[in-house]
Amino acid sequence: RFWLRFTGVADTIECSRGLYASLLEIHHDKRSEAIEQIEKDVHRTFPSAVYDEQFQTALRRVLVAYSWKNPAVGYTQAMNFVAGTLLIFLDEEDAFWMLVWIVEKLLPSYYAEDMAGVDVDGKLLEKL
């Protein structure tokens, strides 16, 4: 719970109560390109670890909800590993909101269409 408070995510959860469930409910029968990619990647997330169907279901739900919350980003590869790691330490809805914070506040340029943040950091690391 420390990270939820430290990042301000706890306040976001309080102000947005019900949005996570609502996103999943409203879009439960809809398909998208993001969802097709999520379906491919869920089973590839931590393949050597033993995670049960409940973990994969939670991961799928977090990623799908995010793809509907922010369709401009939708889903990008490696987002599954971020969300999966969050699910190891947080419950499903808290993991969703931490993912929102990471993608939209902490590292927005990493998840932009041009992935400028990744490019800049890559060039910086080359120089080291």
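Scanning segment 57-81 for residues that are modelled with pLDDT under 95 and open to solvent by 40 Å² or more (accessible area, probe 1.4 Å) gives Thr57, Pro71, Ala72, Gln77, Ala78, Phe81.
Of all residues in segment 82-103, which are without any contact (Cβ under 8 Å) to a residue 40 or more places away in the chain and open to solvent by less than 20 Å² (accessible area, probe 1.4 Å)? Passing the criteria: Ala83, Gly84, Ala95, Leu99, Val103. Yes or no: segment 26-33 includes at least one residue that is modelled with pLDDT under 95, closer than 20 Å to Val103 by Cα and surrounded by 11 or more Cβ atoms within 10 Å (Cβ to Cβ). Yes, segment 26-33 contains a residue that is modelled with pLDDT under 95, closer than 20 Å to Val103 by Cα and surrounded by 11 or more Cβ atoms within 10 Å (Cβ to Cβ).
Within segment 3-20, the set of residues being free of Cβ contacts under 8 Å to residues at least 24 places away in the same chain and open to solvent by less than 90 Å² (accessible area, probe 1.4 Å) comprises Ala10, Gly18.
The values are calculated or read from the model by the stated rules, or taken from the named source; none is laboratory data. Not measured: the values here are computed from a predicted model. Counting neighbours? That spans all protein chains shown, and the Cβs are built from the backbone with ideal geometry, glycine included. Ligands, DNA and RNA are excluded from the accessible area calculation, which covers all protein heavy atoms including side chains. Shrake-Rupley method; radii C 1.70, N 1.55, O 1.52, S 1.80 Å.
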